[in-house]
Amino acid sequence: MADVLEKLKVQANYDVHRILQEDFQRCKGHCYLDHAAATLYSDSQIRNVMAELQDTLLGNPHSHHTPSDTSTQIIESVRQRILEHFHTSAQDYDVIFTAGTTDALKIVAHNFIWNVPSCELADADPELNDRQLLSVHGSFVYLQDNHTSVLGIRESACNSGASVYSVARAELNEMFSSLSNPTASVDVDKVAKTDDKNSITQNGLKMNCLFAYSAQCNFSGVKAPSEWIEKVKNGALSQLLECDPLNRKHEHIQEESKRDIIDKQWYVLLDASSYVSTCPLDLSELKADFVPISFYKIFGYPTGLGCLLVSHRASEALHRVYHGGGTILMADSRDMVMVPRPVLHEEFEDGTLPYLDVIALRHGFDVLKKLTGGMENIQQHVYHLARYVHHCLRSYRHANGKPVAELYSQSGEWNVNTHGSIVNFNLLDSDGSYIGYSRVEKASTLCNIHLRTGCFCNPGACQMYLNISKDRLRQQFEAGHICGDDYDLVDGFPTGSVRISFGYMSTYEDADKLLNIIVSCFVKHPLNIDTTWMLKSAESVIEKEENMPKSTAQSSSLQNNLLSNFVNGGADVNVHSGVIDNINYVGSSPVVSVHVPPAKIEPLILHTDPCTRCSESSELKLTDIILYPVKSCGRLSVKNWQLAADGLQYDRRWMVVSDSGVTQTQKRIPRMSLIKPSIDIENNTLTLSFEGKDSVSIPLEVPEPQNIDEDIYMCGGRVCGDRVKGMDCGSEVGDWLSEVLDYPDLKLMRQINIRKRKRGFKNAHDEADTLSLANHSQYLVLHRPSIRSLMEDIRENGSDDLDEEDLIKRFRGNIILDGGKPYDEEFWSSLTINGIVFEIQEGCRRCEMICINPDTSKKYKEPMLTLAIVRGSSMMFGVHAKASIVGNTSRICLEDPVVMKTL
Ligand SMILES: *Cc1c(COP(=O)(O)O)cnc(C)c1O
């Protein structure tokens, strides 16, 4: 029951709400659930850093004056501080500052001694000597669910001749548990100590082996058992080397008969990047050899700085090739003479350290400790939050008893040593089909919940948890899915998932906000809760001391109770109709009654087999011509209009940019929709008006400057990732925009260059197609029968306040047509209007901008929710089109006949 779930809300040992109040004012109204990607910095840290920078005279540490010495002192004390944070000292570990985890991993990849020289082999084994062996190839073994930054080591290892092995978590567990003789372990840290780098052991043959895994999986939040490190160092993985590596057939030298004489040195690379962000890492217990981390994951600031902790034992397995910057004692430029610095970090830290950022680390550690009492407390807090969300999602059932979510995590024991701050899942419909992660992301975005979707740079974990076979992976790729896009389902199967992750300042309100949205938008009501799985002893999912009420084991169907836990207050079912937390859901439709209408339309999602539907042509009428002179602002409806090379003339010719050059849209500033444009061609003016304010006018056409470097050019705007150059339209209109939009330092930019269309666009034969600032294409075509069909679907979903014209406004088309059947437009190949051929391109993918009512600038949940249901997560609606215009006499007019061709 909900009671059981409520009991999981174990409060933190520190005052989270006070921290939010005092250090994270900027989070108000936001629910940030992406701490695994980057946690947030505290105001205190920034204040303290700025104060120190203001008060201290600091110089380049490579100089020798006092300010330089001050920098050096601070850097060394921070190095010390880092070692202390990880419960170790300079006796056992060295700290090499890097640009981050990935950079630290690259140091290992490029400098690990993959091939140990073994030319003195002659004495040890004459037979091998015959073959003129020069070195012994090493091995790189990695756990499959590693971050791509770790997987990248494979190529370096392979290029250096090492054998590469991948191992699944389950295989590893099996290998380790079958290890019969734990007492045989020796203290490898002692044994391995040799004086000389690259030395040859008694047998004459030494082989360097590196095993890499993450302490906490950044996909699932599953933590690795702490005993792995010692087991691996003691050779637990040596049996694996008897198999064929991924990159080659078995080497001769590694044949059974010879293997015994090779002394295998196992080193462990512990990717602690995700783990250390919320957990205490004790290197006096976990004696990993290489530990890469990024500091922004621990306290949010600074970015671009991390370190590689290297055990002294492992320093002899690193050999630096490049020597420059401050890494040398002496170099002669006339000869190949160079003497490297003796201390490891001095050898690896090239050039000038980002010493001002290093200073910020001290305050990061200080403030974190002061606010929370330490990593132990943080670890407990985020664990309990993640457990709460995981257990809720796992207990939720649709009205028909089917699960609401599929969770990606290790089953079995649940405690602070096995699970961290992350919950990863996909939602399921009541018929058991997957709900694409893009839909979940879009619904969350609408409510200011910030989470991450996709596969999180961890393809191994994604493939394992989502059961993506090698074949399916290839199919998905061939169907067009690549990392980072929003093709969330291919043939009904997910290509990725939803990840939420907590930080030290996260609250149960954050967790409930997310759960509330899931229940409101994606659960077929009434919601059932089944917590019986928690009490099954076989799974022992809850720690014993959790005093779980044993009597509540029965599954129960509660319709009203549950949501009253989410929405503070009474048990009235109506609490979940209307407003979802602090966003402006003014819609009258009850959020809970979302249901799936019978599948009338094939959702337009990616299929691996081509769609083969055909349709006859039918009578079409051009009902509207609409342009949007200023991108994301109001529209201008016209009866007939001139066409330009990049679409309707003056359509999206201007855009609003901030001082820093960021293009502004309704997504960020919904009030932009209230700016009404009008165009007076005779008088050459564009006039912008806003209710209650004086309007402002600028010239439509201005002479374009010839010199690209002139000041009037502002380079800054980006549209769909492409850089757009433009001209500042002046301070009068800029100030006007800032005033009516209540947003500082805005500028109106007039596009001057013609943006090339993105590559990879369907039907894009001609790379030189020109575009205005429109997001994707020259023209966006809407079809009224599809609009009316969607309107019906929205009504069936319980909302009746959107009529046909409202929907047309939301979808911001340029050319609106009537006649024929819903969604015919997806099978058109071309339209001819007044002799001008419009080639139909792909469908238009929608985002949450369609939820903004342009007349009020308020956000509603429709039509997005219904669109996602009837059209799939990509929410295709309307089609893009292009036309080749020659000269400037082409016009279209409302009475023009429309001739359509189908595929
Ligand atoms: C974030 C992360 C990385 C990469 O860190 P960068 O700071 O982007 O270099 C690597 N591994 C894991 C487990 C991570 O969580």
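The values are calculated or read from the model by the stated rules, or taken from the named source; none is laboratory data. Computed from a predicted model, the values in this text were never measured in an experiment. Please note: Cβ atoms are built from the backbone with ideal geometry, for glycine as well, and neighbour counts cover all protein chains shown.
Is it the case that some residue within the range 384-399 is more than 16 Å from the ligand (Cβ to nearest atom), surrounded by fewer than 15 Cβ atoms within 10 Å (Cβ to Cβ) and outside any loop (DSSP other than H, G, I, E, B)?
no
Determine which single condition THR889 fails, assuming it passes every other condition in (1) out of contact with any strand residue (DSSP E or B) (no Cβ under 7 Å at 6 or more places or on another chain); (2) closer than 25 Å to ARG439 by Cβ; (3) not charged (D, E, K, R).
Failing condition for THR889: (2).
Here is a yes/no grid of residues against (1) more than 28 Å from the chain's Cα centre (by Cα); (2) surrounded by fewer than 20 Cβ atoms within 10 Å (Cβ to Cβ); (3) at pLDDT 95 or above; (4) within 23 Å of PHE299 (Cβ to Cβ):
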{"residue": "ALA38", "(1), (2), (3), (4)": "no, yes, yes, yes"}
{"residue": "TYR41", "(1), (2), (3), (4)": "no, no, yes, yes"}
{"residue": "ARG47", "(1), (2), (3), (4)": "yes, yes, yes, yes"}
{"residue": "SER63", "(1), (2), (3), (4)": "yes, yes, no, no"}
{"residue": "ASP69", "(1), (2), (3), (4)": "yes, yes, no, no"}
{"residue": "SER77", "(1), (2), (3), (4)": "yes, yes, no, yes"}
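So that you can scan it fast, the table gives a plain yes or no per residue for (1) in contact with a Lys or Arg (Cβ under 6 Å, 6 or more places away or on another chain); (2) part of a loop (DSSP other than H, G, I, E, B); (3) under 30 Å from GLU839 (Cβ atoms):
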{"residue": "TRP641", "(1), (2), (3)": "no, no, yes"}
{"residue": "MET655", "(1), (2), (3)": "yes, no, yes"}
{"residue": "ASP659", "(1), (2), (3)": "no, yes, no"}
{"residue": "ARG671", "(1), (2), (3)": "no, no, no"}
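Show the residue pairs that are 6+ apart or on different chains and have beta-carbon atoms under 6 Å apart, the first residue being within the range 87-104 and within 16 Å of the ligand (Cβ to nearest atom), the second being assigned to a loop (DSSP other than H, G, I, E, B).
Qualifying pairs under 6 Å: PHE97/GLU349; PHE97/LEU353; ALA99/GLY304; THR101/SER273.
Of the numbered conditions (1) within 16 Å of the ligand (Cβ to nearest atom); (2) under 21 Å from CYS847 (Cα atoms), ASN458 fails exactly one; give the number of that condition.
Unmet for ASN458, out of (1) within 16 Å of the ligand (Cβ to nearest atom); (2) under 21 Å from CYS847 (Cα atoms): (2).
Report whether or not LEU817 is modelled with pLDDT of 95 or more and closer than 19 Å to MET875 by Cβ. Break it down stepwise before answering.
Values: modelled with pLDDT of 95 or more: yes; closer than 19 Å to MET875 by Cβ: no.
Against the criterion (modelled with pLDDT of 95 or more and closer than 19 Å to MET875 by Cβ), LEU817 does not qualify.
Please go through the range 443-461 and give me each residue that is within 8 Å of the chain's Cα centre (by Cα) and hydroxyl-bearing (Ser, Thr, Tyr), ordered by number.
THR453 - this is the single residue of the range 443-461 that is within 8 Å of the chain's Cα centre (by Cα) and hydroxyl-bearing (Ser, Thr, Tyr).
Looking only at the range 143-154, how many residues end up being more than 12 Å from the ligand (Cβ to nearest atom) and either among the polar types (S, T, N, Q) or within 11 Å of LEU269 (Cβ to Cβ) (or both)? Explain how you work it out, then say what you get.
Initially, the range 143-154 is screened for residues more than 12 Å from the ligand (Cβ to nearest atom), giving 144, 154.
Adding the requirement that they be either among the polar types (S, T, N, Q) or within 11 Å of LEU269 (Cβ to Cβ) (or both) leaves 144.
Within the range 143-154, residues that are more than 12 Å from the ligand (Cβ to nearest atom) and either among the polar types (S, T, N, Q) or within 11 Å of LEU269 (Cβ to Cβ) (or both) number 1.
Can you spot a residue in the range 865-875 that is over 27 Å from TYR437 (Cβ atoms), of a type in the set (Ser, Thr, Tyr) and part of a loop (DSSP other than H, G, I, E, B)?
Among the residues of the range 865-875, not one is over 27 Å from TYR437 (Cβ atoms), of a type in the set (Ser, Thr, Tyr) and part of a loop (DSSP other than H, G, I, E, B), which makes the answer no.
Return a yes/no flag: does the range 60-69 have any residue that is within 16 Å of the ligand (Cβ to nearest atom), touching a Gly at 6+ places or on another chain (Cβ under 8 Å) and either without any contact (Cβ under 8 Å) to a residue 60 or more places away in the chain or closer than 30 Å to CYS455 by Cβ (or both).
no
What is the residue count in the range 12-26 for residues that are loosely packed, with under 14 Cβ neighbours inside 10 Å and touching a residue at least 24 places away in the same chain (Cβ under 8 Å)?
1
Considering every residue within the range 177-193, establish whether at least one is within 16 Å of the ligand (Cβ to nearest atom), at pLDDT 55 or above and not in a loop (DSSP other than H, G, I, E, B).
no
May I ask you to list the residues in the range 841-864 that are free of Cβ contacts under 8 Å to residues at least 60 places away in the same chain and not in a loop (DSSP other than H, G, I, E, B)?
Correct list: ILE850 only.
Looking at ARG871, ARG845, ARG891, can you tell me which residue is closer than 24 Å to LEU627 by Cβ and under 33 Å from the mean Cα position of the chain (by Cα)?
Working: ARG871 fails: closer than 24 Å to LEU627 by Cβ; ARG891 fails: under 33 Å from the mean Cα position of the chain (by Cα).
Sole residue among the options that is closer than 24 Å to LEU627 by Cβ and under 33 Å from the mean Cα position of the chain (by Cα): ARG845.
Would you pick out the residues in the range 349-365 that are part of a loop (DSSP other than H, G, I, E, B) and of a type in the set (Val, Ile, Thr)?
Across the range 349-365, the qualifying residue is only THR352.
Just checking, which of SER311, SER274, SER284 is within 11 Å of the ligand (Cβ to nearest atom) and either within 19 Å of SER421 (Cβ to Cβ) or over 28 Å from the mean Cα position of the chain (by Cα) (or both)?
Working: SER311 fails: within 11 Å of the ligand (Cβ to nearest atom); SER284 fails: within 11 Å of the ligand (Cβ to nearest atom).
Within the list SER311, SER274, SER284, the selection yields SER274.
Here are some conditions: (1) within 16 Å of the ligand (Cβ to nearest atom); (2) surrounded by fewer than 15 Cβ atoms within 10 Å (Cβ to Cβ). MET330 meets all but one. Which one does it not meet?
Single failed check for MET330: (1).
Look through TYR322, TYR355 and report the one residue that is aromatic (Phe, Trp, Tyr), out of contact with any strand residue (DSSP E or B) (no Cβ under 9 Å at 6 or more places or on another chain) and under 18 Å from GLY304 (Cβ atoms).
TYR355
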